Amino acid sequence: MYEGIVQELIDELGRLPGIGPKSAQRIAFHILQTESFDVSRLASVLVEVREKVRFCEICGNVTQEVTCSICRDPRRDATSICVVEEAKDVVAIERTREFKGFYHVLGGAISPIDGIGPDNLRIRQLMTRLADNTVQEVIIATDPNLEGEATATYLTRLLSSLEIKVTRLASGLPVGGDLEYADEVTLGRAFEGRRTVS
Amino acid sequence: MRVSSISLRDFRNYAEADITIEQGCVVLVGSNGQGKTNLIEAINFLATLGSHRSSTESAMIRTGEDAAIIRVHLAHDDRQILLEAQLNREGPNKAQFNRSTARLRDFPRYIATVLFAPEDLLLIRGDPASRRRFLDELIVTRTPRLSSILSDYERALKQRNTLLKTARFSEASVGKLSTLDIWDDRLATLGSEIMVERQRLVRDLAGPVAAAYESIAGADHHPELLMKESVLLPLGDSTIDQTTQAFLAVLNSNRATEVERGMTLYGPHRDDVEFSLNSLPTKGYASHGETWSFALSLRLGAARLLRAESVLGDPILILDDVFAELDASRRERLASAVSDFEQIFITAAVVEDVPAALLQHVFRVERGTIARALK
Ligand SMILES: Nc1ncnc2c1ncn2[C@@H]1O[C@H](COP(=O)(O)OP(=O)(O)OP(=O)(O)O)[C@@H](O)[C@H]1O
Ligand SMILES: [Mg+2]
Ligand SMILES: [Zn+2]
């Protein structure tokens, strides 16, 4: 245990995802001891990011405007929507340049352990977007793990009552993984080989 | 397949240990608490990604250190493989295959072990969980793909149980679609793969276990294995699809009870395998000697099954403290039953416990150091 504020810093850093107590301690001492390290810049970016960044009203992607740059782009194909768990998945799929339609970010996956049910995800918003018959294909690109599969099954059943083609990314993605870690080639192939599920 | 060298860094009580080993029988002797089991645990870990005595990986890292390293050279025919695992106290474990980055969970594809230990008595006398563990470890060795199915099943079960506990409050969902249906679906899809694999295993194991029993007990007591499933399946072989349907039907008709109890009452996590001798269940009927013979036969039968079907050749046999538990005749019969395996690791507190025929390469283990014993 360190005295007062040093320990507070370590504790705060340790609350961040992927940072254990040892890493937290290392980062804290880097901040304390490295003169060239611009503390006020980091602090202001942290504050700014919270103030300025919000979630696109249409798709749930991160943006600094009311809607994100993808939703505002008239060249995109309005007949297809790709459903992902997180905003970072949008970035991963955009890198493949395989997909020209719009996105819908759910904000997670169904997981009772974490208290997340369909009502906690942006599923209602998705149904609203599908109401006017413009969209003809929904591509479900949730993570290839248990919760991602469960969410995909849920969406498939929910959408089966609509006259919309529903596809799921082809397997070949590393099982048990995160979409964002799949390399571009694999993810690109998964898009090409997507299969109709309803 | 055999191990041709082992290096340990900060693994259990070993700060640094490097040994090269030959084909045949490797005997580790030393007093209690010197590191014999620790050494074979390291080898077994690469094959099973688990430990037979602790569930936390950090217990394997030497006290006060941040990381443990296990490096093992394997020889299979004239092929050489180097497996290296680094267990980190903080952050994910790392793995290398022939010096390039690999996934630890792929290691069981390259190394297979069969471990005999005094705790094996629990296979007969213990609760169903120990028998399920026996089956599932073998299933993963036979079909490595099942490893992720098993862990996904565990997780699906947790998810479903959590939902069952809160089901009464959370059922009015979007479009009135029940999320319990979704988890039933996951559970049944994953669970049926496990059920079908266990059925196949028990069927294929019957012959080798019977033969092993006769060679160890010196008598034919007609040993049998029978799956006892919570989801009743039609007699004969069921496909995964039929099993999924049967599983779903059971979940469906028992939903009210499960919601009330707040837990999943059907599925491979509730199943058991029953062992019998001369048509009497071993549990509650078998004598002490018969119990030992059956436990050893399960391991030996498993080893022979793996030998017969694995591309890796013979599994590495590990006999941890087993001979001390056996009477003289069982010792001799076990020794001759295992003697034709490519490589065997044996641990014993005193060398006299080990049948002479197996004393081929003897090492002394003392306070985390290993030295070749002089003949
Ligand atoms: N993480 C660890 N760090 C340091 N020492 C450890 C660690 N884990 C276990 N040990 C020590 O290793 C010793 C146990 O070694 P091991 O189980 O290999 O004994 P053994 O030689 O098989 O003895 P026995 O004949 O009693 O079975 C114990 O003294 C224990 O304290
Ligand atoms: Mg021991
Ligand atoms: Zn948007």
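Comparison of B:Leu74, B:Leu8, B:Leu39 shows that the only residue that is assigned to a strand (DSSP E or B), within 16 Å of ligand 1 (Cβ to nearest atom) and modelled with pLDDT of 95 or more is B:Leu8. With respect to (1) surrounded by fewer than 23 Cβ atoms within 10 Å (Cβ to Cβ); (2) not in a helix (DSSP H, G or I), the lone exception for B:Ala246 is condition (2).
The residues on offer are A:Arg95, A:Arg157, A:Arg129, A:Arg189, and the sole one that is surrounded by fewer than 22 Cβ atoms within 10 Å (Cβ to Cβ), within 10 Å of chain B (Cβ to nearest Cβ) and either closer than 25 Å to A:Thr67 by Cα or out of contact with any Lys or Arg (no Cβ under 9 Å at 6 or more places or on another chain) (or both) is A:Arg157. Every condition in (1) touching a Phe, Trp or Tyr at 6+ places or on another chain (Cβ under 7 Å); (2) in a helix (DSSP H, G or I); (3) away from every other protein chain (no Cβ under 13 Å) holds for A:Ala150 except the one numbered (3).
In the set B:Val354, B:Val273, B:Val259, B:Val311, only one residue is at pLDDT 95 or above and over 17 Å from the mean Cα position of the chain (by Cα); that residue is B:Val354. For the range B:303-319, does any single residue satisfy the condition of being surrounded by 15 or more Cβ atoms within 10 Å (Cβ to Cβ), outside any loop (DSSP other than H, G, I, E, B), within 16 Å of ligand 1 (Cβ to nearest atom) and more than 14 Å from chain A (Cβ to nearest Cβ)? The answer is yes, given that some residue of the range B:303-319 is surrounded by 15 or more Cβ atoms within 10 Å (Cβ to Cβ), outside any loop (DSSP other than H, G, I, E, B), within 16 Å of ligand 1 (Cβ to nearest atom) and more than 14 Å from chain A (Cβ to nearest Cβ). If you scan the range B:92-108, which residues turn out to be in contact with a helix residue (DSSP H, G or I) (Cβ under 8 Å, 6 or more places away or on another chain) and either in a loop (DSSP other than H, G, I, E, B) or within 14 Å of another protein chain (Cβ to nearest Cβ) (or both)? Across the range B:92-108, the qualifying residues are B:Asn93, B:Arg105.
Quick grid of which residues meet (1) touching a residue at least 24 places away in the same chain (Cβ under 8 Å); (2) over 28 Å from B:Ser230 (Cβ atoms):
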position	(1), (2)
B:Arg109	yes, yes
B:Asp127	no, no
B:Leu135	yes, no
B:Asp152	yes, no
B:Leu157	yes, no
B:Lys165	yes, no
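One residue stands out in the range B:35-65 among those that are within 14 Å of another protein chain (Cβ to nearest Cβ) and without any contact (Cβ under 8 Å) to a residue 40 or more places away in the chain: the one that is nearest to ligand 3 (Cβ to nearest atom), namely B:Ser58. Residues in the range A:160-186 that are among the small types (Gly, Ala, Ser), surrounded by fewer than 20 Cβ atoms within 10 Å (Cβ to Cβ) and at pLDDT below 75: A:Ala170, A:Ser171, A:Gly172, A:Gly176, A:Gly177.
Tell me whether the range B:321-338 contains one or more residues that are part of a strand (DSSP E or B), within 15 Å of ligand 1 (Cβ to nearest atom), surrounded by 20 or more Cβ atoms within 10 Å (Cβ to Cβ) and more than 14 Å from chain A (Cβ to nearest Cβ). No, the conditions are met nowhere in the range B:321-338. When the residues of the range B:11-34 are filtered to those that are without any contact (Cβ under 8 Å) to a residue 40 or more places away in the chain and either part of a strand (DSSP E or B) or crowded, with 22+ Cβ neighbours inside 10 Å (or both), the one that is farthest from ligand 1 (Cβ to nearest atom) is B:Thr20.
Conditions tested, residue by residue: (1) away from chain B (no Cβ under 14 Å); (2) surrounded by 14 or more Cβ atoms within 10 Å (Cβ to Cβ); (3) in a loop (DSSP other than H, G, I, E, B).
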site	(1), (2), (3)
A:Val6	yes, yes, no
A:Leu9	yes, yes, no
A:Gly18	no, no, yes
A:Ser23	no, yes, no
A:Ala28	yes, yes, no
A:Leu32	yes, no, no
A:Phe37	yes, no, yes
A:Ser40	yes, no, no
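The lone criterion from (1) modelled with pLDDT of 95 or more; (2) assigned to a loop (DSSP other than H, G, I, E, B); (3) within 16 Å of ligand 2 (Cβ to nearest atom) left unmet by B:Arg53 is number (1). Residues in the range B:196-206 that are within 17 Å of the chain's Cα centre (by Cα) and touching a residue at least 40 places away in the same chain (Cβ under 8 Å): B:Glu197, B:Arg198, B:Leu201, B:Val202, B:Asp204, B:Leu205.
The values are calculated or read from the model by the stated rules, or taken from the named source; none is laboratory data. Worth saying up front: this structure is predicted, and the values here are computed from it rather than measured. A quick note on method: Cβ atoms are made from the backbone with ideal geometry, for glycine too, and the neighbour counts reach across all protein chains shown.
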